[in-house]
Amino acid sequence: MGNREDLLAGARRCLEEKGYSRTTVRDIATAAQVSMAAIGYHFGSREVLLNQALFAAMDDWAAGSGRLAGQGDTPAERYSDTWDRKIRDFLDMRWLWIANIEAFVHAQSSPELLAALAEGQRRSRRMVAAHLAGVPEEAVTDEDVRALGSVHLALLSGVMVQALTDPGQAPTGAELTQGLRRMVELLEDPAPTDG
């Protein structure tokens with residue numbers, strides 16, 4: 001590997017071990033076994049390097065277990081299984097999700113990072129909506145991207161926080177599926193009006 005690749009690998013190790021906020025230039029240079037000046041030369045700043053390492057880790061997750069279709073005979077069983085896999089990922093790759101939360105907080109004072117995170121959300125909405133609708137990404141409707149994709153991302157963020165905060169009480173895939181079914185029932189069955 002060259003210095004650039006060594007730095008990306010070192011930054012990823014630092015994200016895993018120290019997180020986004022506590023990783024210093026010195027930490028990355030030490031992990032990569034290169035000079036601190038190499039960070040500026042190849043990436044311009046610690047932030048740019050950490051962001052690239054974090055986004056690469058997210059891409060790796062999405063290409064692997066993050067996009068696995070659930071197992072089961074019915075759509076509900078597959079959806080429940082998909083959630084159980086995501087929840088396991090939240091716990092098995094805790095460092096990745098905490099680094100994401102730290103990056104989100106940091107992005108509130110970094111317009112470049114905020115823009116990159118927003119673009120990632122836009123791509124994720126489309127990818128998730130297409131997956132749930134069972135169509136290629138180019139065929140998913142804008143309505144499904146905005147509605148289906150946005151709701152699923154909201155669930156993803158909320159379930160992630162619950163799993164990281166209190167793993168024993170985080171919902172299971174079956175509970176999430178049942179909760180969504182119940183929500184649909186409540187939305188479709190209007191409450192009786194008073195007289």
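In the list Glu119, Glu102, which residue meets the criterion of being acidic (Asp, Glu), farther than 14 Å from Leu156 by Cβ and touching a residue at least 60 places away in the same chain (Cβ under 8 Å)?
Being acidic (Asp, Glu), farther than 14 Å from Leu156 by Cβ and touching a residue at least 60 places away in the same chain (Cβ under 8 Å) holds for just one of Glu119, Glu102, which is Glu102.
Evaluate the following for Ala57: is it hydrophobic (A, V, I, L, M, F, W, C) and in contact (Cβ under 8 Å) with a residue 60 or more places away in the chain?
Values: hydrophobic (A, V, I, L, M, F, W, C): yes; in contact (Cβ under 8 Å) with a residue 60 or more places away in the chain: no.
Spelling it out, it is not the case that Ala57 is hydrophobic (A, V, I, L, M, F, W, C) and in contact (Cβ under 8 Å) with a residue 60 or more places away in the chain.
Need the failing condition index for Arg125 against (1) in contact with a Gly (Cβ under 7 Å, 6 or more places away or on another chain); (2) open to solvent by 50 Å² or more (accessible area, probe 1.4 Å); (3) at pLDDT below 95, just the number.
(2)
When you scan segment 151-161, do you find a residue that is over 25 Å from Arg22 (Cβ atoms), outside any helix (DSSP H, G or I) and among the β-branched types (Val, Ile, Thr), even just one?
No, because not a single residue in segment 151-161 is over 25 Å from Arg22 (Cβ atoms), outside any helix (DSSP H, G or I) and among the β-branched types (Val, Ile, Thr).
If the requirement is being in a helix (DSSP H, G or I), at pLDDT 95 or above and among the charged types (D, E, K, R), which of these qualifies: Glu175, Glu185?
It is Glu175.
Name the residues in segment 130-147 that are part of a helix (DSSP H, G or I) and either over 27 Å from Ala99 (Cβ atoms) or touching a His at 6+ places or on another chain (Cβ under 7 Å) (or both), would you?
Leu132, Ala133, Glu138, Ala139, Asp142, Glu143, Asp144, Arg146, Ala147
Give me the pairs, please: first residue somewhere in segment 124-138 and small (Gly, Ala, Ser), second residue anywhere and assigned to a helix (DSSP H, G or I), beta-carbon distance under 7 Å, and either six or more positions apart or on two chains.
These pairs meet every condition: Ser124/Leu153; Ala129/Asp144; Ala129/Val145; Ala129/Leu148; Ala129/Gly149; Ala130/Glu137; Ala133/Asp144; Ala133/Leu148.
Quick check on my filter: what residues within segment 134-157 are among the charged types (D, E, K, R) and surrounded by 15 or more Cβ atoms within 10 Å (Cβ to Cβ)?
Asp144
Only one of (1) among the β-branched types (Val, Ile, Thr); (2) touching a residue at least 60 places away in the same chain (Cβ under 8 Å); (3) in contact with a Gly (Cβ under 8 Å, 6 or more places away or on another chain) is not met by Val159, so which one is it?
It is condition (3) that Val159 fails.
Restricting attention to segment 112-122, does a residue exist that is surrounded by fewer than 15 Cβ atoms within 10 Å (Cβ to Cβ), over 26 Å from Asn51 (Cα atoms) and of a type outside the set (Ser, Thr, Tyr)?
Checked against the condition, which is being surrounded by fewer than 15 Cβ atoms within 10 Å (Cβ to Cβ), over 26 Å from Asn51 (Cα atoms) and of a type outside the set (Ser, Thr, Tyr), segment 112-122 yields no hits at all.
Hey, which of the helices (runs of 4 or more DSSP H) in segment 1-89, taking only ones fully inside, have at least 2 residues that are farther than 19 Å from Met160 by Cβ and either touching a Gly at 6+ places or on another chain (Cβ under 6 Å) or open to solvent by 70 Å² or more (accessible area, probe 1.4 Å) (or both)?
Where helices (runs of 4 or more DSSP H) fall fully within segment 1-89 and carry at least 2 residues being farther than 19 Å from Met160 by Cβ and either touching a Gly at 6+ places or on another chain (Cβ under 6 Å) or open to solvent by 70 Å² or more (accessible area, probe 1.4 Å) (or both), they are 3-18, 25-32, 37-43.
Is segment 46-62 home to any residue that is modelled with pLDDT under 90, farther than 18 Å from His152 by Cβ and within 17 Å of the chain's Cα centre (by Cα)?
Yes, segment 46-62 has at least one match.
The values are calculated or read from the model by the stated rules, or taken from the named source; none is laboratory data. Since the model is a prediction, treat every value here as computed from it, not as a measurement. Counting neighbours? That spans all protein chains shown, and the Cβs are built from the backbone with ideal geometry, glycine included. Please note that ligands, DNA and RNA were not included when accessible areas were found on the heavy atoms of the full protein model with its side chains. Shrake-Rupley method; radii C 1.70, N 1.55, O 1.52, S 1.80 Å.
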